[in-house]
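As structure tokens, the structure follows; a few thoughts come after it.
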Amino acid sequence: MIEKQTESIFINGEWQKIDPTKVETIYNPATLEPVTDVSYGGSQETKEAIEAADTAFLEWSELTGRERSKFLYRASELMLDDAERLGKILTMEQGKPLKEAVGEVKGAAHFLLWYAEEASRGYGEWIPSSVKSKRMLVLPKPVGVVGAITPWNFPSSMITRKLAPALAAGCTAVLKPSPETPLSAIEIFKIFEAAGFPKGVVNLVTGDAEAIGKELLTHEKVRMITFTGSTNVGKYLMREASNHVKKVSLELGGHAPIIVFEDADLDKAVSMSLASKFRNNGQTCICANRLYVHESIADEFTNRLKEEVQNMRVGSGLDDDIELGPLINEQAVVKVKNHLKDALNKGAKLEYSGDKSVASLKLEGYFHPPTVISNVTDDMIVMNQETFGPLFPIQPFNDEDKVIAKANDTDYGLAAYIFTENTSRSLRVSERLNYGIVGVNDVFPGAPEAPFGGIKQSGNGKEGGHHGMAEFLEQKFISIGID
Ligand code: NAP
């Protein structure tokens, strides 16, 4: 369905022809059919990309914000114009339903647009001195060459959420996308090329994660690592980056609770919980992992949720009206199965499993049916580890303090959600939840204009908003003695 890829590494404004002896094959997770091959680059390509980014840095960082913004504007327009085609490519390599994929591409373009606007706003400071003979100013300066590493679950928006603020700030970059989803990255770099970014400002290396990562971590010209992915890999990168005291910005895993209070709007709570859990088939870092429902409404809530889940259409994301696509790979399916098995062994009740209806579809790919369980206890794996799949555990509660304590009892701290129509409660509980993001009657808190990011083992740093650009700027203090 897509043309065979002939190039996938972009260094210093040039595409490198694929060497057929060094390739990786990309598969469609819905059909297990090969889609195309991409280059399996490593240390040498990364070194060249870093050198190119370093050479380009001087001129790029000295452009005005307004000059840099023109490239970002152009890229955002090109991306929006081509969103339908880019969405199809995304679905083919990642599996999410086409509507979601096109939505992601449009969201990715909005990061480019927002940071095109923000590029002119890297304000400094004038500090009133305590002595008359001095003047003090603070000058924001771009960090330098940035090494960016992205995951497969949002193959398009995770790239622009990093690169748009980096480029707006005046940094240059080398990107390593996920090997599962390099095609969206390649398309974004074709857009950068068409938008006319100067040579070396943006570079792409597909291939061997360990070798590329090592080069980014050890090359002294890379001054910052920005990473989105699992907490384990994030910890490794943070440790290794410390050898050269590189700046690190990490967007890691999560284990989001949803708390539905007795005063919630039930329609809203049911439909939004469903949307949070099953978006991207449960494979988003901020999607609900566990659901706490007040005991007075737990039965009604569970029944209504089950009804909705039964009607969800599972299949290839390219087919019409599909709501749940495949998972990314076999390990992902095995993980969900293990979480379910562990819960059932420990006494959970299977409220709904789409096993039979999914089996009847005779799907070839990495599918797991949408599943709802109740009677869950805190010792079950699903209540503690990121499931990253369509398994929804429901636990009743009867006390606000206790449910907040449960929600906070995790090493993660990315996103949490509450449903309540009581304004005092919404503020009181939001303040006490130890998370970087709290959604109140809202399960889609990500936006280009707002800071997205976790605390605790969900990461450090923010992406989005003026906070996102600040990550790529260092503050230089200039102290001037005057007569
Ligand atoms: P992952 O296994 O950590 O991989 C993320 C990226 O890191 C991939 O490109 C991967 O390449 C690369 N990588 C792995 N080992 C590396 C190494 N030694 N050196 C350099 N790069 C290395 O995570 P994933 O499975 O792709 O993504 C899912 C995770 O991302 C979940 O935990 C999810 O919660 C998290 N996530 C967080 C956010 C957020 O904003 N907080 C957003 C989206 C996803 P290889 O695959 O080749 O190893």
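The values are calculated or read from the model by the stated rules, or taken from the named source; none is laboratory data. The shown structure was predicted, so the numbers you read here are calculated from the model rather than taken from an experiment. Here Cβ is always computed from backbone atoms with ideal geometry, including for glycine, and neighbour counts include all displayed protein chains. Just so you know, the surface numbers come from the protein's heavy atoms only, side chains and all, with ligands and any DNA or RNA stripped out. Shrake-Rupley method; radii C 1.70, N 1.55, O 1.52, S 1.80 Å.
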Practice task
Please give the FRET efficiency for D267 paired with E33, using the beta carbon to beta carbon distance and R0 = 35 Å, rounded to the nearest 0.05.
Solution key: 0.30
Exercise for the section: Would you kindly state how much longer the chain becomes between D321 and D483 on full extension, computed as 0.36 nm times their sequence separation minus their alpha carbon distance, in nm to one decimal? Expected result: 51.0 nm
Exercise for the section: Order these peptides, 36-43, 475-482, 112-119, by their mean beta-carbon neighbour count within 10 angstrom, highest first. Expected result: 112-119, 36-43, 475-482
Handout entry: Accessible area per residue, Å², the range 17-157 with all protein chains present, probe 1.4 Å
Key = 47
Fill in the blank from the handout: Hydrodynamic radius by Kirkwood for the range 152-192, inverse mean 1/r across distinct Cα pairs, in Å, is 10.5
Exercise for the section: Kindly rank 269-276, 59-66, 131-138 from highest to lowest mean number of other beta carbons found within 10 Å of each residue. Expected result: 269-276, 59-66, 131-138
Exercise for the section: Please give the FRET efficiency for E400 paired with A275, using the beta carbon to beta carbon distance and R0 = 30 Å, rounded to the nearest 0.05. Expected result: 0.75
Exercise for the section: For every other residue with a beta carbon closer than 13 angstrom to the beta carbon of M469, add +1 if it is Lys or Arg and -1 if Asp or Glu, then tell me the sum. Expected result: 0
Problem - Whole-percent carbon and sulfur share, accessible surface of the chain, 1.4 Å - result: 50
Practice task
Please work out how much length the chain gains when fully extended from K349 to R432, using 0.36 nm per residue of separation minus the C-alpha to C-alpha distance, in nm with one decimal.
Solution key: 26.8 nm
Practice task
Specify the angular offset, from 0 to 90 degrees and rounded to the nearest 10, of the alpha carbon long axis of helix 231-241 from the longest principal axis of the alpha carbons in the chain.
Solution key: 20
Completion exercise
With +1 on the Cβ of every Lys and Arg and -1 on the Cβ of every Asp and Glu, the dipole magnitude of the chain about its Cα centre, in debye rounded to the nearest 20, is 1120
Handout entry: Helix 298-310 axis, angle to the chain major axis (alpha carbon atoms, nearest 10°)
Key = 70
Problem - Greater than 24 Å apart at Cα, pairs in K214/K247; K141/K199; K346/K406 - result: none
Problem - Average Cα contact separation per residue, the range 204-259, under 8 Å, 6 or more apart, as relative contact order % - result: 35
Practice task
Relative to the longest principal axis of the C-alpha atoms of the chain, give the angle of the C-alpha long axis of helix 423-432, reported between 0 and 90° and rounded to the nearest 10°.
Solution key: 60
Exercise for the section: Please give, to one decimal in nm, the separation of the simple spin-label points placed at D81 and E193, each 7 Å out from Cα toward the Cβ. Expected result: 1.7
Exercise for the section: Estimate the FRET efficiency between Q310 and V334 by the formula 1/(1 + (r/R0)^6), using the beta-carbon distance for r and 30 Å for R0, to the nearest 0.05. Expected result: 0.75
Exercise for the section: Output the peptides 172-178, 321-327 sorted from most to least packed, where packing is the average of other Cβ atoms within 10 Å over each peptide's residues. Expected result: 172-178, 321-327
Completion exercise
Gyration tensor on Cα atoms of the chain, a ≥ b ≥ c root eigenvalues, a/c under 1.5 rounded, else prolate if a/b beats b/c, else oblate, says oblate
Handout entry: Simple spin-label estimate for Q475 and A359 in nanometres, 7 Å along Cα-Cβ
Key = 6.2
Exercise for the section: In nm, give the distance between the simple-model label positions of E59 and H244, each being 7 Å from the Cα along the Cα-to-Cβ direction. Expected result: 2.4
